[in-house]
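Just below is one structure, and these are the notes that go with it.
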Amino acid sequence: MTLRSVAVDRSRLPEPGPSKTFAFPAIRKSTLDSGLGVWSVYHPQVPVVSLMLLVRCGAAADPPGKDGLAAITADMLDEGSGDRSAIDIHEALANLGAQFDTDIGSDAIVVSTTALSRFTDRVLGLMADVVVRPALRDGDFARVRQLRLHRLMQLRDIPSAVADRAFLKLLYGTHPYGHAPIGSEAALREMTADDVRAFHASAIRPSVSTLIAVGDCAHDDVVRFAKAAFGDWDVNGARRLQPSGEDTDSLALHSEDAVSASLPTRLAVIARPRAPQSELRIGHVAVPRSTPDYHALLVANAILGGQFVSRVNLKLREEKGFTYGARTAFEFRRMPGPFVLQVGVQTAATAEAIQESLRELSDIRGDRPATSAELALGMAALTRGYARNFETADQIARGVMQLALYDLPDDYFAAFVPAVERVTVDDISRVMQHHLDPARLTTLVVGDIDAIGQDLGRLNLGAPVTLPADSF
Amino acid sequence: MTLSFTKHTLGNGLDVILHEDRACPIVAVNLWYHVGSKNERPGHTGFAHLFEHLMFEGSQHHDHGYFQPLQGAGATLNGSTNADRTNYWEVVPSNALELALWMESDRMGYLLPALTEAKFSNQRDVVLNERRQNYENRPYGLASMALLAALFPPDHPYHWATIGEVADLQAVQLDEVHAFFRRYYHPANASLSLAGDIDADDALAVVDQYFGSIEPGPRADRVSASASLASNVRLVLEDRVELPRLYLAWLTPAMFAEGDADLDLATDLLANGKTSRLYKRLVFDERIATDVSASQNSREIGAFAQLTATAAPGRTLAELERAILEEIARVAADGPTDAEIERGRVQAEAQFVYRLQTVGGFGGKSDQLNAYNVFIGDPAYFDRDLERYHAVTRASLQQAVARFLNPDRRVTLSIVPDGRFDLAVPDSTPAVVG
């Protein structure tokens, strides 16, 4: 073809054309006799399959005094099965080119594998081996526990990790969300392989699990392979062991008001002498995923601190140059999750960064409400590119997993864009007033307290509570 | 397995690569400038990366932030700089392709009129904070700088880290920024790749409309430099860490050169994942390390292999060093097993399939096409790249390890907790990093 360079109109930006229609993935669902859900999406673009086993039981189900039990149990799954060692299992996976991962959050354990789709049946077999029939041997437990104790030790070196863990504790105390999944050194030291075996038997069950398969694999095949692999996963015949004599379902479903209602710490500090930056966390316990305000909160957060072009990032990074980046998030979970502003700022700017952050969190509630331009931008950022979340098998599987974890309807994806588009500027003010309370905010600083202590004193947040770095 | 495309070169020298994938209504716009920190000079480091930041601060016809219109159209976007190249990308709904091309072409053609002292000094502060966050305030964060400085001589452009030296960043003047832009940011030093929901002919016409009239600048000189290690360099660095960590590094063949693929697979079988020899020995059996990993870091005019292991409490780095060298010597003497070669082959094939899953972002199809085009001059290299891994044999891998992971020509770096020089491997001298 012949190309001809013509002058282009640079006086204005080109307007995007009409949006293309997009068919959201259709989810097919079956349930095995054991209660295991088998959900699939046919996505044949590339000969790959993403397999995720969601167990709706996570670190929030750790029994009292055993913080970290769910996580170490999840970590132990791939440490061998039957008479095969961890190495044997991983060699079998590697020989298929499969990528295996175990992930744990407050509400769930997820065991996932990405593989070439021609190996779907074999990979499911290996996943069943580790999830249903893990060896959970004493010797392996001792080694894995030791590695996790070393990891905890190393986390003390990482300012952002120190801040994250301490902040959860400040916000939630002894509530099931008050600890990071990895747990604490004290609890891990007391833990035994028996604890792990008991937790596995009682918490990792087909009735609270969903197998999600997305890729170049038909639903009927997925179900057939799942039956072959997981068909004998049924704890009804086995004696149910209960950690600490409590039922894990009730642990996983603490009510909202379990979160302490007492007055929060306004300002807390953890000393990190000579640190060039301060890690800041500002927030409070907010809302569960089930809130009817979910879509409005997403838009509100996009405006506040959820994207590059947000008030908090523009202020702290693009105007002040205090940081490489700042962001806010409502972390939606089954129970009320935290709202957190997080940022690392140069030491000298610590107090001013806190002041500016608190001002932004307060202003959006009314003094400087979201404008219609901000609303339009925040809304468009969430809706116009929505289709890109459904490009790869892994993305789709993660999306579908949200439906299973939070009891969302099958038409959730299709309903998302219209729901966001219904949000108004009044909604933004309303949900910010309702779910973001400046009086309840806790500010945590991990930094060079000798250098910034005096500035912090002028913040009007009361005397800072000093936390030792290894207190959690 | 192929990654189909068409390639055109506009009159001003801009390479344009087009890949159709209509599965999802999105397009990846990916633009590489063949400039990175290896184009910098000593005393002026950190420049290419600082410049990347300035590219998001507005251009003549849109002198506002770069993010706003694109996010408002539903895009995600980012950029990155390494030693060899700078890339910028947007993934947009396909109805907003023209907007992305408008924005990318405006900052290619018309950046300087909008570049003010205020923007410049703001982004310098941001970069200094990026450096604090990712290097200075991060445990073991200065190790990579110490290794590069020891592996490559001071006049070699891989001697310094892409983020740059603090003093250099503080000394940069705005006129240097202008000169840098004119020299490297122009069509003849760039490669544009579009992947996704496009019609290739239509897309090419729109690309030409936006980029075709931008004047080409001077051809950038190829950077050449060489490095060699005549002996062992043994360094120690204190850091705010609980556990000491050992780094071993060697100079190795450059990206795509003979031995590069062998060392990719060799580092995997030595130290990556639970199937690797060193994981089995150090972490699983002997339990003297908490973690181990390795990589062949392939770059355009050179490379280095790196192996890292953290000591378990009470264990010494000398113990780790001894065990690691034994395992390397074993591969150098006997080569890998047939099973290891077969596993490496299967994993390579799977990796290449996984790489076909997404059109955009870092490592997506658009990014890969540009990588092959910029470094090899041929976007079609995807297929031959996989062949490199299939061609690895027990003998070739053994020879590469024997030749390049030479125990007598390496850099050994101990990172130890503050004040604990006694935990370093013997005969180490303090490293100096910025």
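Any read-out appearing in this document is the output of simple, stated calculations on the displayed coordinates, not a laboratory observation. Just so you know, these numbers come straight off a predicted model, no measurement behind them. Counting neighbours? That spans all protein chains shown, and the Cβs are built from the backbone with ideal geometry, glycine included.
Using the reciprocal of the averaged 1/r over all distinct C-alpha pairs, how large is the Kirkwood radius of the range B:126-208 in Å? Before the final figure, lay out the partial values.
Details: mean 1/r = 0.0606 Å⁻¹.
One over the average 1/r among Cα pairs gives 16.5 Å for the range B:126-208.
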Notebook entry, point to check: Going toward the positive end of the dipole of chain B, with +1 on Lys and Arg Cβ and -1 on Asp and Glu Cβ, which of B:V91, B:I163, B:T412 do you reach last?
Noted result: B:T412
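Mind checking B:123-132 for the average number of partner chain beta-carbons within 10 Å of each residue's beta-carbon?
Mean number of neighbouring Cβ atoms from other chains: 6.
Once you charge only the Cβ atoms, +1 for Lys and Arg and -1 for Asp and Glu, what is the size of the charge dipole of chain B about its Cα centre, to the nearest 20 debye?
Working: 38 positive and 58 negative charges, 210 e Å.
Dipole size: approximately 1020 debye.
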Next item on the list: With no solvent and one equal point scatterer per Cα, compute the Debye intensity ratio I(q)/I(0) for the range B:1-129 at 0.11, 0.15, 0.20, 0.22 Å⁻¹ and report its log10, rounded to two decimals.
Entry: -0.44, -0.81, -1.30, -1.45
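Given a cut-off of under 8 Å on Cα pairs at least six residues apart, what relative contact order in percent is computed for chain A?
Numbers: 845 pairs, mean separation 99.2, N = 472.
Relative CO of chain A lands at 21 percent.
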Notebook entry, point to check: Over what distance in Å are the Cα centres of the range A:354-387 and the range B:139-176 separated?
Noted result: 38
Check: To the nearest 10 degrees, how steeply does helix B:260-271 sit against the main Cα axis of chain B, on a 0 to 90 scale?
Finding: 50
Next item on the list: Please state the charge dipole magnitude for the range B:233-430, taken about the Cα centre, from unit charges on C-beta atoms (+1 on K and R, -1 on D and E), reported in debye and rounded to the nearest 20.
Entry: 180
Item checked: Derived scalar couplings ³J(HN,Hα) [the range A:314-331; Karplus, 6.51 cos²θ - 1.76 cosθ + 1.60; whole Hz; x for Gly, Pro] -> 5, 5, 7, 9, 7, 8, 8, x, 6, 8, 7, x, 10, 8, 10, 7, 8, 8
Note to self: For the range B:174-280, which trypsin sites (Lys or Arg not before Pro) pass both filters: DSSP loop (anything but H, G, I, E, B) and at most 14 other C-beta atoms within 10 Å?
What the structure shows: B:R219, B:R222
Notebook entry, point to check: Using the C-alpha gyration tensor of the range A:256-466, what are the square roots of 5 times its eigenvalues, in whole angstrom, with the largest one first?
Noted result: 32, 19, 17
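For each of A:I158, A:I89, count neighbouring Cβ atoms within 10 Å of the residue's Cβ, then give the residues from fewest to most.
Numbers: A:I158 18, A:I89 24.
Result, fewest neighbours first: A:I158, A:I89.
Please report the net charge: other residues with Cβ closer than 14 Å to the Cβ of B:D334, K and R +1, D and E -1.
Result for the neighbourhood of B:D334: -1.
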Note to self: Given the -39500 (n - 2.57) contribution per DSSP H run of 4+ residues, what per-residue ellipticity at 222 nm results for the protein assembly as shown, rounded to the nearest 500 deg cm²/dmol?
What the structure shows: -11000 deg cm²/dmol
Next item on the list: Identify the chymotrypsin sites (Phe, Trp or Tyr not before Pro) of the range B:333-433 meeting these criteria: DSSP loop state and at most 12 other C-beta atoms within 10 Å of the C-beta.
Entry: B:F362
Note to self: I'd like the Karplus ³J(HN,Hα) series for the range A:301-308: coefficients 6.51, -1.76, 1.60, θ = phi - 60°, whole numbers in Hz, and an x wherever there's a Gly or Pro.
What the structure shows: 5, 4, 5, 6, x, x, 8, 4
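Above 42 Å lies some portion of the pair distances; for chain B, what is it as a whole percent of all C-alpha pairs? Can you show the working numbers first?
Working: 17459 of 93961 pairs.
Taking all Cα-Cα pairs of chain B, the fraction more than 42 Å apart is 19 percent.
Let me have the relative contact order for the range A:256-466, percent, based on Cα pairs under 8 Å that are six or more residues apart. Write out the running numbers ahead of the final one.
Values: 339 pairs, mean separation 84.8, N = 211.
So the answer I get is 40 percent.
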Checklist line | Against the rule of thumb 2.2 N^0.38 Å, how large the Cα Rg of the range A:28-252 comes out | finding: 1.03
Margin query: Please rank A:D78, A:D157, fewest neighbouring Cβ atoms within 10 Å first, as an exposure proxy.
Written below: A:D157, A:D78
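Sort A:M153, A:M52, A:M401 so that the residue with the fewest other Cβ atoms within 10 Å of its own Cβ comes first and the one with the most comes last. All intermediate terms of the calculation are to be shown ahead of the outcome.
Details: A:M153 16, A:M52 25, A:M401 20.
Fewest-to-most ranking of A:M153, A:M52, A:M401: A:M153, A:M401, A:M52.
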Next item on the list: Within the range A:319-392, report the chymotrypsin sites (Phe, Trp or Tyr not before Pro) that DSSP leaves as loop and that have at most 15 other Cβ atoms within 10 Å.
Entry: none
Note to self: Restricted to Cα positions, what overall size does the range B:233-430 have along the principal axes? Three whole-Å values, descending.
What the structure shows: 52, 34, 28
Margin query: Limiting things to C-alpha atoms, what are the Rg and the maximum Cα-Cα separation (Dmax) for the protein assembly as shown, in angstroms?
Written below: 27.4, 78
Checklist line | Percent RCO, i.e. relative contact order, over the range B:233-430, from Cα pairs under 8 Å lying at least 6 residues apart | finding: 38
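Magnitude of the Cβ-charge dipole of the protein assembly as shown, K/R +1 and D/E -1, about the Cα centre, nearest 20 debye? Kindly include the intermediate steps, with their values, before the conclusion.
On the way: 87 positive and 116 negative charges, 154 e Å.
It comes to approximately 740 debye.
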Note to self: Apply the a/c threshold of 1.5 to the C-alpha gyration tensor of chain A and tell me whether it is rounded, prolate or oblate.
What the structure shows: oblate
Item checked: Farthest toward positive dipole pole in the protein assembly as shown [+1 Lys/Arg, -1 Asp/Glu at C-beta], among B:A28, A:T210, A:G344 -> A:G344
